[in-house]
1. In terms of the Cα gyration tensor, with a ≥ b ≥ c the square roots of its eigenvalues, is segment 143-261 rounded because a/c is under 1.5, prolate because a/b exceeds b/c, or oblate?
2. In degrees from 0 to 90, rounded to the nearest 10, what is the angle of the helix 120-148 Cα long axis to the longest principal axis of the chain?
3. Could you derive backbone 3J(HN,Hα) for segment 221-235 from the dihedral phi with the Karplus parameters 6.51, -1.76 and 1.60 (θ = phi - 60°), listing whole Hz in sequence and x where the residue is Gly or Pro?
4. When N counts the residues of segment 16-256, how does its alpha-carbon radius of gyration compare numerically with 2.2 N^0.38 Å, as a ratio?
5. State the extension gain, in nm to one decimal, for the chain segment bounded by Asp172 and Gln223, taking 0.36 nm per residue of separation less the distance between their alpha-carbons.
6. For helix 154-165, what angle does its Cα long axis make with the longest principal axis of the chain, in degrees from 0 to 90 and rounded to 10?
7. Can you tell me the 0 to 90 degree angle between the C-alpha axis of helix 16-37 and the longest principal axis of the chain, rounded to 10?
8. Among the listed pairs Lys42/Lys216; Lys48/Lys169; Lys90/Lys169; Lys151/Lys234; Lys95/Lys234; Lys21/Lys95, which have their C-alpha atoms separated by more than 30 angstrom in this model?
Amino acid sequence: MYEEPNEESADRPADPATRAKDKCDEFRMHAEFAAVFEAHRKFDAELKAGLDAEIARDVQRIVGRLEKIRPADTPLIPPEAAPDAEKVLKLPDTKNLSTGDYHIHRRPGEVMIFRWITGEQVDGFYERLQAHFDAALKHFREEERQSLGWKQDPATSKYLDALDAIEIKMPDRYLRDVIKKHSVFVLSTQSADELDILHLADVVMGVDAATIVGRKSAPPEDQPSESDRAWFFKLFSLRGIIEGEERMCFFTYLQKTDDTFGLEDD
């Protein structure tokens, strides 16, 4: 799904805690990816194409500004930028947009997907996020024990022990209590230079790629190449409290990695 980083394998000398942490970061990213995009397949969320271009570009501009002014060492949005974050999170109210669904704006070779969730939907998102993370970590622990457990060297033992000691609560990692207690806004991101659009569409969302990116930008049905399937991907997660209600906005930007775009999609 993603370009894999050049990580140390479990057989090479490396700090055990660092190796375990690297795997946790990988699992967290995949868990967020799944929890954000699985709602159509799991919970009947709709994919709604044709989001107004002005709304899409406005959110893109605001989120871009928030990312630039956000301090490098924290995802917390500075207080002076709170009105911009609040404006984005209020859009379901001000623009009559449904929550839970995927709102799509398309241009040739470029797609923006927006999803707002509120209240109990946020609770459900964190439950799914935790479940995906826990399942991936449990499976990886079992695999590593089976493949490396026979070794007696201290580095391997420390690595396996470090994996067993990991216990991460995703709401804490995503600053949920901080957001509630201090009424702050948080913006986090993840990206990939090459995302397999068929993985996102077929496996995670349970739709054909044309439903997401449009008929003319979708990979050909007959043996698509890697370049046909490759899209730049960036996911923004904006979180905060609006009038006592917890809200989240997921803004996804996708761009075809090659330079040959078709005409405007239907």
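1. oblate
2. The two axes meet at around 30 degrees.
3. Along segment 221-235, the couplings run 5, 8, 6, x, 7, 4, 5, 5, 8, 8, 10, 5, 9, 9, 10 Hz.
4. With N residues counted in segment 16-256, Rg over 2.2 N^0.38 Å equals 1.09.
5. Full extension of this stretch gives 14.1 nm more.
6. That helix lies at roughly 50 degrees to the long axis.
7. Result, in degrees: 30.
8. Exceeds cut-off: Lys48/Lys169; Lys151/Lys234; Lys21/Lys95.
Taken together, the values in this text are just the output of simple stated rules run on the coordinates, not laboratory data. No experiment lies behind these values; they were computed from the predicted model shown. Ideal geometry is used to build each Cβ from the backbone, glycine not excepted, and the neighbour counts take in all protein chains shown.
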